[in-house]
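See below for the structure under consideration.
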Amino acid sequence: MEKEWNFDHSYVALPDFFFSKQDPTPVKEAQLVIFNEQLATELNVPSLPEVYVGNLIPQGAFPLAQAYAGHQFGRFTMLGDGRAVLLGEHCTPTGHCFDIQLKGAGRTPYSRGGDGRAALGPMLREYIMSEAMHALGIPTTRSLAVVLTGEVVWRERGLKGAVLTRVADSHLRVGTFEYAARFGNQEHVKTLADYAIKRHFKQLEGAPHPYLKLLQEVASRQAKLIAKWQLVGFVHGVMNTDNMTISGETIDYGPCAMMEAYDLKTVFSSIDKNGRYAYGNQPEIAMWNLARLAETLLPLLHEDAEAAVGMAQGSIKSFWDIYHQHWLSGMGRKLGLATIGTKDEALITELLELMQKHKSNYTDTFRLLTLEQLEEMPLFMTDEFKAWYDKWQARLFTVEKQSKEDVVKLMKASNPAMIPRNHLVEEALAAAEAQDYQVMEKLLVALKNPYEYRSDQEAYMKMTTELACAYQTFCGT
Ligand code: AMP
Ligand code: MG
């Protein structure tokens, strides 16, 4: 079948309050850096660098920039796509429609002081991280292509400009609702809520209390998502409400990174001075963000304000229950426990506390427990750990009488051998900056099957050095 665009424009059918028509700004020279053939095949879209850099608008596209607001580090701001252009919703032969967005495609009415552009490093970083998250089984926006623009973008210094093509179930954010509530009226919020239901929660169409159920569904998807982040040690870094989707996909890979030593206070972002978005805070921040979404929906929940607040609070509380249940069962699986018993949370917490105390690498601890390579971790040599280990083994093989084979199988399926470790990502980006893309391509191959424990992945599993501990990510994207 010939690959071709098949655009739908449901977003354009919304009132023009929600977007501005905006073409991408053409660039000097398109030069393809990486293209996701597998994703292109799934989507059935052609490979044409001129399209993915914004020089050629494909037939049937209706380029636009979306309006949204958001709370950034707790403060409300008007935002919008300052450097992104949505080409439209491409529908696959199986009828699933995805937003196709060019990030770094030039200025828009929402650019404020920005240049509308993006640099190669951060766009490749998003490509690597999002594809790794997808392979880890975590809902995320995807990356289809990164194309150099042949132009320089100025940050602290001159950098190579690039455009990333991002694919998403949608780009609706908590911040889109905040925009509708703050700058529009109740009718705008209702229109947007109906649109979100139509696009993501079709089962709610015509159901009683659709807006309460919308809130509950978003809370549930986010709860499951954040549990998955915590289980692999992903630190998003900038969980502003404009970076939280309604679809439940991870979005906006700016200053994100994978936790190394287990520490609830882990922060990588250089601009997160107070640790608002630290690893251990992510679930609570997600709840805070959902409260901002709930506020926008209050008038639609109940005509009595107090009753509406009660309903909203119930949904937000359900976030915590769902989150905790998913986190706990996920942690159990990481330790080979197929089901969770009454004493298991204490067992899990005890291990995590030991890891925190001994600054044990998060991924390596679980990987080496899976492989039973107990001689390789300093933590494993301590008496405290040995006491814990005996309890764990008794729980596995005496209390439950699980088979060894089943335990190892479950642990392998739950503990990735391969994650986008910070130093690996940095190495790949440094090589790409010098026009050597092979380091990144090899890394991407290894990241495709994180739970396989393959020999070609072993070279990537070396324990990290001090460099990694001082790792910082920057927002100058
Ligand atoms: P982010 O921190 O990536 O979520 O971005 C926050 C806001 O800043 C969004 O509205 C972006 O569109 C906007 N933005 C980021 N970088 C630029 C840029 N170079 N030019 C214009 N707007 C930008
Ligand atoms: Mg953003």
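FYI, it's all coordinate maths here, none of it is from the lab. Only a predicted model underlies this, so the values are computations on that prediction, with no experimental measurement involved. Don't worry about glycine lacking a Cβ; one is built from the backbone with ideal geometry, like all the others, and counts go over all protein chains shown.
Counting charges near E126 (Lys, Arg +1; Asp, Glu -1) among other residues having Cβ under 11 Å from its Cβ returns a value of +2. Anything over 19 Å Cα to Cα? Flag those among K190/K224; K224/K359; K224/K334, in the order listed. Pairs exceeding the cut-off: K190/K224; K224/K359.
Restricting the trypsin sites (Lys or Arg not before Pro) of segment 279-359 to loop positions (DSSP other than H, G, I, E, B) with no more than 14 neighbouring Cβ atoms within 10 Å leaves K343, K359.
Considering the dipole of the chain built from charges on the beta carbon (Lys and Arg +1, Asp and Glu -1) around the Cα centre, which of I271, W388, N422 is farthest to its positive end? Value computed over the given set: I271. In this structure, the amide hydrogen of Y262, modeled 1.01 Å from its nitrogen in the peptide plane, lies closer than 5 angstrom to those of S360, N361, Y362, counting only residues at least 5 positions away or on a different chain. Extension gain, E42-E376: 0.36 nm per intervening residue step, less the Cα-Cα distance, totals 116.1 nm.
Summing Cβ point charges (Lys, Arg +1; Asp, Glu -1) relative to the Cα centre of segment 327-448 gives a dipole of roughly 440 debye. Close amide-amide hydrogen proximity is noted between M244 and V174, G175, each under 5 Å apart and 5 or more residues distant or on a separate chain (H modeled in the peptide plane; Pro and chain starts excluded).
Residues of segment 99-122 falling in the label zone of S270, defined by backbone nitrogen less than 14 Å from a point 7 Å along Cα to beta-carbon, are 122. About its Cα centre, the dipole of segment 197-250 is roughly 160 debye, where the only charges are +1 on Lys and Arg Cβ and -1 on Asp and Glu Cβ. Of the chain, which part is the longest with no GluC sites (Glu not before Pro) in a loop (DSSP not H, G, I, E, B) and with at most 16 other C-beta atoms within 10 angstrom? Between the exposed loop sites, the longest stretch runs 30-155.
Taking the Cα centre of the chain as reference, the dipole from Cβ charges on Lys and Arg (+1) and Asp and Glu (-1) amounts to some 380 debye. Using DSSP to define loop residues, name the trypsin sites (Lys or Arg not before Pro) in segment 381-428 whose beta-carbon has at most 12 other beta-carbon atoms within 10 Å. When the trypsin sites (Lys or Arg not before Pro) of segment 381-428 are filtered for loop state and at most 12 Cβ neighbours within 10 Å, K401 remain.
What percent do you get for the relative contact order of segment 324-477 when only Cα pairs under 8 Å and 6+ apart count?
Values: 122 pairs, mean separation 34.9, N = 154.
The normalised contact order for segment 324-477 reaches 23 percent.
Straight-distance candidates among the lysines for linking to K103, with alpha-carbon spacing under 17 Å and chain neighbours fewer than 8 residues away dropped: K21, K28, K160.
For segment 286-432, the C-alpha radius of gyration divided by 2.2 N^0.38 Å, with N the number of residues, is 1.42.
In this simple spin-label model, placing a label point 7 Å from the Cα along the Cα-to-Cβ direction at both Y437 and H423 gives a separation of 2.7 nm.
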